[in-house]
Amino acid sequence: MSSPDAPLLTPVAAPAFAAAKFSKKTVSEKLSQVPVFAVTNASGQPYLANMDGSGSQIGLIFFSHHDALNMLKDMKKNPGASDARVYIMGLDKAYEMVKAKPQPSGIRGAAGEELTMVFRFFPDSKQVKAAEGLQRKLRRRRGVEGIPVFVAKGLTLRKGSENVVPLFLTKEDLDSAWSKLRDSNKDLPNNASVVVGNLLYIIQQMESDGEPELRNLGFFAPKASVEYVTKEQAGPTGQARMHQNPVTPQK
């Protein structure tokens, strides 16, 4: 359900996901290149659910627009959610929402107590399975934690005068980039040597550590997500809205 007192996700002009000069970017600016998705009502109030039995109301932020559209489809089955829609935001804003402290939701529990509201990332299940498959091939017992990112050893992208190590949010995009690299260097193996990382851990390391190699990391927005955003920019379907300034959570 949507929270009547929850802060609004205010729609504005579509964010520009095109890259500025890479060497000048902060971590937040790098994250802003990646679109993510939430489901809200027409006023921008997020739909919340109690998913873990803790009493906290949870607003989900999706990495896959397909997952967001599936939630939208389910929400519209409810008579009170006919105005539900997908909201598009940059990962920088979503990250601030997820790491913020719980805030009042405006919803009362069975005993009359006010329930708190938190935001959580919902990983793309297809990419979690891909990451688990890679871990099994490497005979690693530890499972995939959080939002998986994929890094190909030896793969860099040129941005101006800099070499950037791309962090892919989908295995398919990594495979495509590796295939293009092989087109210009046939000595490379058919398949990349791939390392799976934890997105939130990497972001935290980039924020707290000044190591030069961390400055060369760049987030590669999923091709499918960018295509979806581009389609909505060109001619909105009525299912999605774009904004740059979502919920400003209490810290």
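Values in this text are rule-based calculations from the coordinates and carry no lab data. Keep in mind that what you see is a predicted model, and the values were worked out from it rather than measured. FYI the Cβ positions are ideal-geometry reconstructions off the backbone, even for glycines, and counts take in every protein chain you see.
At R0 = 51 Å, how high is the FRET efficiency between Asn163 and Ala110 if r is their beta carbon distance? Nearest 0.05 is fine.
So the FRET efficiency works out to roughly 0.35.
Return the long-range amide H neighbours of Tyr87 (sequence gap of 5 or more, or a different chain), with a cut-off of under 5 Å between placed amide H atoms.
HN-HN under 5 Å from Tyr87: Ala38, Val39, Thr40, Arg241.
Rounded, prolate or oblate for segment 66-105? Axes are the square roots of the Cα gyration tensor eigenvalues, ordered a ≥ b ≥ c, and the cut-off for rounded is a/c under 1.5. Please report the intermediate quantities before stating the final value.
Values: a/c = 3.07, a/b = 1.67, b/c = 1.83.
Oblate, since a/c reaches 1.5 and b/c is not below a/b.
Distance cut-off 30 Å, Cα to Cα: go down the list Lys137/Lys231; Lys76/Lys129; Lys73/Lys153; Lys171/Lys231; Lys73/Lys231 and report the pairs above it.
Values: Lys137/Lys231 37 Å; Lys76/Lys129 28 Å; Lys73/Lys153 39 Å; Lys171/Lys231 23 Å; Lys73/Lys231 19 Å.
Flagged as over cut-off: Lys137/Lys231; Lys73/Lys153.
Where does each of Arg85, Arg120 land when they are ranked from fewest to most other beta-carbon atoms within 10 angstrom? Could the numbers behind the result be given before it?
Numbers: Arg85 22, Arg120 14.
Ranking Arg85, Arg120 by Cβ neighbours within 10 Å, fewest first, gives Arg120, Arg85.
Whose amide H sits under 5 Å from the amide H of Gly106, counting only residues 5 or more places off or on another chain, with H placed in the peptide plane?
Residues meeting the criterion, in which the H sits 1.01 Å from N, are Leu115.
Going by the alpha-carbon gyration tensor, a ≥ b ≥ c the square roots of its eigenvalues, is segment 22-123 rounded (a/c under 1.5) or, if a/c is not under 1.5, prolate (a/b greater than b/c) versus oblate?
On the way: a/c = 2.47, a/b = 1.42, b/c = 1.74.
Oblate, because a/c is 1.5 or more while a/b does not exceed b/c.
Test of understanding: what is the full-extension gain from Leu214 to Gln135, defined as 0.36 nm times their sequence separation minus their Cα-Cα distance?
Working: separation 79, 0.36 × 79 = 28.44 nm, distance 2.32 nm.
Once the chain is fully extended between Leu214 and Gln135, it gains 26.1 nm.
Under a 5 Å amide H to amide H cut-off, with H placed in plane at 1.01 Å, what residues pair with Phe122 once short-range neighbours are removed?
Ile61, Phe62, Phe63
Sort Leu155, Leu174 so that the residue with the fewest other Cβ atoms within 10 Å of its own Cβ comes first and the one with the most comes last.
Exposure proxy ranking, most exposed first: Leu155, Leu174.
Express in whole angstrom the spacing between the alpha-carbon centres of segment 31-80 and segment 158-223.
What the calculation gives is 29 Å, centre to centre.
Round to the nearest 0.05 the FRET efficiency obtained for Ala49 and Val195 when R0 = 30 Å and r is the Cβ-Cβ distance.
That gives a FRET efficiency of 0.35.
Quick one: Karplus J couplings for segment 123-133, per residue in order, coefficients 6.51, -1.76, 1.60, θ = phi - 60°, nearest Hz, x for Gly and Pro?
Along segment 123-133, the couplings run x, 6, 4, 5, 6, 4, 5, 5, 5, 5, x Hz.
Sort 44-50, 221-227 for me by packing, meaning the mean count of neighbouring Cβ atoms within 10 Å per residue, highest on top.
44-50, 221-227
What FRET efficiency comes out for Ser184 versus Lys223 if R0 is 22 angstrom and r is the Cβ-Cβ distance? Round to the nearest 0.05.
For R0 = 22 Å, the calculated efficiency reads 0.65.
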